[in-house]
Amino acid sequence: MRKLGLLGYPLGHSFSKKYYLDKFRKEEIRDIDYDLYAIADVRDFKHLYTDDERFYGFNVTIPHKQAIMPFLDELSAEAEAIQAVNCITVARRNGKPYLKGYNTDTVGFEESLKPLLKPQHHKALVFGNGGAAKAVFYVLQKLNIPYLVVSRTKEKGDLTYSELGGDVLREHQILINCSPVGTFPKVDEAPDIPYDFIGADHLLYDLIYNPEETLFLRRGRERGATTKNGFEMLVIQAEKNWEIWNNEQ
């Protein structure tokens, strides 16, 4: 039986495990297992694929998306640019493991965003500057959409939340939440922005998918904005992972 798995620490509820096991069952894909591997020390990763040659791929989540890179033999173009990995293939070359890292968050975000873009959506504000934001920056640059990063401190972004006013909101019609603010169970929280300046020309995208509609998205919807959560992004990147594991070895 071939093996796939998710690396991270800690690992609680996993979208990936449920998604792939459901996929295997629905599509009658046999002889492949997907499980969770909670490793606190990223150095323990090597033992998984060296001790068990049935592994042919991994997903990677926090806190290892960057720390795992020294263990890899090659990076895809987007993983190299972002300096973060969420998908790994394990091939065997001359009896030795050969690992390549990818970042499929870029595909997930781009393909879920593009159908929503309208002519007025020509500038973006990105809330948060952590690991999740790196794929967003990459895609916005690829799509030639200028953006400003909004963070709690000036050192981590172009603007602080306190500097956001009507002029900035009117000029930037795409608002993307890459911060964890609003994630379950803290569903009564939202990025601290002046929502009164949001209208029908705005597009609000939240990488969070639990809850399905964050307070950030609800406040935008109530003002007529187009809204999108992060669930489709996850599905698209999961399917891209599957394609990579099986076609790009």
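Here is how the numbers come out for the structure above:
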quantity	calculated
Selected residue (criterion: farthest from the chain's Cα centre (by Cα)) from residues of segment 1-59 that are in a loop (DSSP other than H, G, I, E, B) and β-branched (Val, Ile, Thr)	Ile29
Residues being over 18 Å from Ile174 (Cβ atoms), polar (S, T, N, Q) and either within 12 Å of the chain's Cα centre (by Cα) or crowded, with 18+ Cβ neighbours inside 10 Å (or both) - total across segment 222-246	2
Failed item in (1) assigned to a loop (DSSP other than H, G, I, E, B); (2) surrounded by 15 or more Cβ atoms within 10 Å (Cβ to Cβ); (3) of a type in the set (Lys, Arg), with Arg219 passing the rest	(1)
Residues located in segment 120-133, provided they are at pLDDT 95 or above and surrounded by 18 or more Cβ atoms within 10 Å (Cβ to Cβ)	His121, Ala124, Leu125, Val126, Phe127
Test: residue in segment 71-79 that is within 30 Å of Thr227 (Cβ to Cβ) and assigned to a helix (DSSP H, G or I)	yes
Filter result (closer than 19 Å to His122 by Cα, over 21 Å from the mean Cα position of the chain (by Cα) and not small (Gly, Ala, Ser)) within segment 150-194	Asp158, Leu159, Leu164, Asp167, Val168, Leu169, Arg170, Glu171, His172, Gln173
Residue list for segment 72-130, restricted to those being basic (Lys, Arg) and within 28 Å of Ile193 (Cβ to Cβ)	Lys114, Lys118, Lys123
Test for Asp196: is it modelled with pLDDT of 95 or more and not aromatic (Phe, Trp, Tyr)	yes
Members of segment 134-146 found to be buried (at least 22 other Cβ atoms within 10 Å of the Cβ) and either over 14 Å from Gln237 (Cβ atoms) or among the small types (Gly, Ala, Ser) (or both), listed by number	Ala135
Qualifying residue in segment 36-58 (condition: touching a residue at least 60 places away in the same chain (Cβ under 8 Å), assigned by TED's automatic domain parsing to the domain that holds Leu143, of a type in the set (Ser, Thr, Tyr) and within 24 Å of Glu239 (Cβ to Cβ))	no
Test: residue in segment 84-93 that is surrounded by fewer than 16 Cβ atoms within 10 Å (Cβ to Cβ) and assigned to a loop (DSSP other than H, G, I, E, B)	no
Residues of segment 103-119 that turn out to be crowded, with 23+ Cβ neighbours inside 10 Å and touching an Asp or Glu at 6+ places or on another chain (Cβ under 7 Å), as a count	2
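Listed here are the residues, each with its yes/no results for (1) out of contact with any Phe, Trp or Tyr (no Cβ under 7 Å at 6 or more places or on another chain); (2) touching a residue at least 60 places away in the same chain (Cβ under 8 Å).
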residue: Lys156; (1), (2): yes, no
residue: Leu164; (1), (2): yes, no
residue: Asp167; (1), (2): yes, no
residue: Arg170; (1), (2): no, no
residue: Thr183; (1), (2): yes, no
residue: Pro194; (1), (2): yes, no
residue: Ala200; (1), (2): yes, no
residue: Leu203; (1), (2): yes, yes
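Listed here are the residues, each with its yes/no results for (1) under 29 Å from Leu72 (Cα atoms); (2) of a type in the set (A, V, I, L, M); (3) outside any loop (DSSP other than H, G, I, E, B).
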residue: Gly101; (1), (2), (3): yes, no, yes
residue: Thr106; (1), (2), (3): yes, no, yes
residue: Ser112; (1), (2), (3): yes, no, yes
residue: Lys134; (1), (2), (3): yes, no, yes
residue: Leu140; (1), (2), (3): yes, yes, yes
residue: Asn144; (1), (2), (3): no, no, no
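The values are calculated or read from the model by the stated rules, or taken from the named source; none is laboratory data. Please read these numbers as outputs of a predicted model, since none were measured by experiment. Every residue, glycine as well, gets a Cβ built from its backbone with ideal geometry; the counts of neighbours run over all protein chains shown.
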